[in-house]
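Taking it in order: structure first as structure tokens, then the write-up.
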Amino acid sequence: MEFLDIPLFDDDFFKMMFRFILNFTFLTVIIRFVYYPSSKRKDYVFTYYLISLIVFFLCFTLKKYNLDIGMALGLFAIFGIIRYRTDPIDIKEMTYLFVVIGVSVINSLANKKMSYAEILAANALIIFILIIIERYWALKQEESKFIVYENIENIKPENYEILKSDLEHRTGLTINKVNIGKVDFLKDTAEVTIFYFKNN
């Protein structure tokens, strides 16, 4: 039965819903249980879910036009040039964006040449590798902060530990290194840069 030359229902509906549930399940594991615990970025959680779902339905809808490979490459090209000029995306967030897009493309474009066992294995391996890298192999990210310090007596080399302890007490950070820059004896201030590991 058709309405305005469009079928009201066909067998692909069940296939779409099954793959949607499969895709959403794996996305939830990646976004909610791998990415979010380490980043605490709720804004990106929203973005990843919406982009991945749109990509999934877009790919599944256009799949019937035999544009599988070209469309997949085109999607990666489009999202590969995304730039938020007012709020640049960190490398890690951009990587996860490619991951959720890739998972959605795999789950939506897989055809009869790829069994469900292979689809499940591909998704599981992606999640497994993400967990290993995120929780066990990822190196700590060192960040820096510029501070104008007024107690210039502590900038002497022999008072380095006192300087470091004072800065840790004031900032609440565990400092790895302190670099002393410009010193203004007229104002009794010094420009210092502290280095510390970012807490995930």
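The values are calculated or read from the model by the stated rules, or taken from the named source; none is laboratory data. The structure presented is a predicted model; accordingly, all values stated were derived computationally and were not measured. Glycine gets a Cβ as well: all are built from the backbone with ideal geometry, and neighbour counts include every protein chain shown.
Regarding the stretch 131-146, can at least one residue be identified that is in contact with a Leu (Cβ under 7 Å, 6 or more places away or on another chain) and over 30 Å from residue 21 (Cα atoms)? Among the residues of the stretch 131-146, not one is in contact with a Leu (Cβ under 7 Å, 6 or more places away or on another chain) and over 30 Å from residue 21 (Cα atoms), which makes the answer no. For the stretch 118-164, the set of residues classified as assigned to a helix (DSSP H, G or I), over 31 Å from the mean Cα position of the chain (by Cα) and surrounded by 13 or more Cβ atoms within 10 Å (Cβ to Cβ) consists of 152, 154, 155, 159, 160, 162, 163, 164, listed by residue number.
Let's see how each residue does on (1) among the aliphatic types (A, V, I, L, M); (2) in contact with a helix residue (DSSP H, G or I) (Cβ under 6 Å, 6 or more places away or on another chain):
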site: 111; (1), (2): no, no
site: 124; (1), (2): yes, no
site: 130; (1), (2): yes, yes
site: 133; (1), (2): yes, no
site: 146; (1), (2): no, no
site: 153; (1), (2): no, no
site: 158; (1), (2): no, no
site: 169; (1), (2): no, no
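Out of 119, 162, one residue alone is hydrophobic (A, V, I, L, M, F, W, C) and either at pLDDT below 90 or closer than 24 Å to residue 193 by Cβ (or both). It is 162.
Here residue 169 fulfils each of the conditions (1) of a type outside the set (A, V, I, L, M, F, W, C); (2) closer than 20 Å to residue 52 by Cα; (3) surrounded by fewer than 14 Cβ atoms within 10 Å (Cβ to Cβ); (4) modelled with pLDDT of 90 or more apart from (2). Looking only at residues in the stretch 172-200 that are of a type in the set (A, V, I, L, M) and either under 30 Å from residue 40 (Cα atoms) or touching a helix residue (DSSP H, G or I) at 6+ places or on another chain (Cβ under 7 Å) (or both), the one that is surrounded by the fewest Cβ atoms within 10 Å (Cβ to Cβ) is 183.
The residues in the stretch 97-109 that are hydroxyl-bearing (Ser, Thr, Tyr) and at pLDDT 90 or above can be counted, and the count is 1.
One line per residue, one yes/no per condition, for (1) free of Cβ contacts under 8 Å to residues at least 24 places away in the same chain; (2) among the small types (Gly, Ala, Ser):
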{"position": "158", "(1), (2)": "yes, no"}
{"position": "168", "(1), (2)": "yes, no"}
{"position": "178", "(1), (2)": "yes, no"}
{"position": "190", "(1), (2)": "no, yes"}
{"position": "193", "(1), (2)": "no, no"}
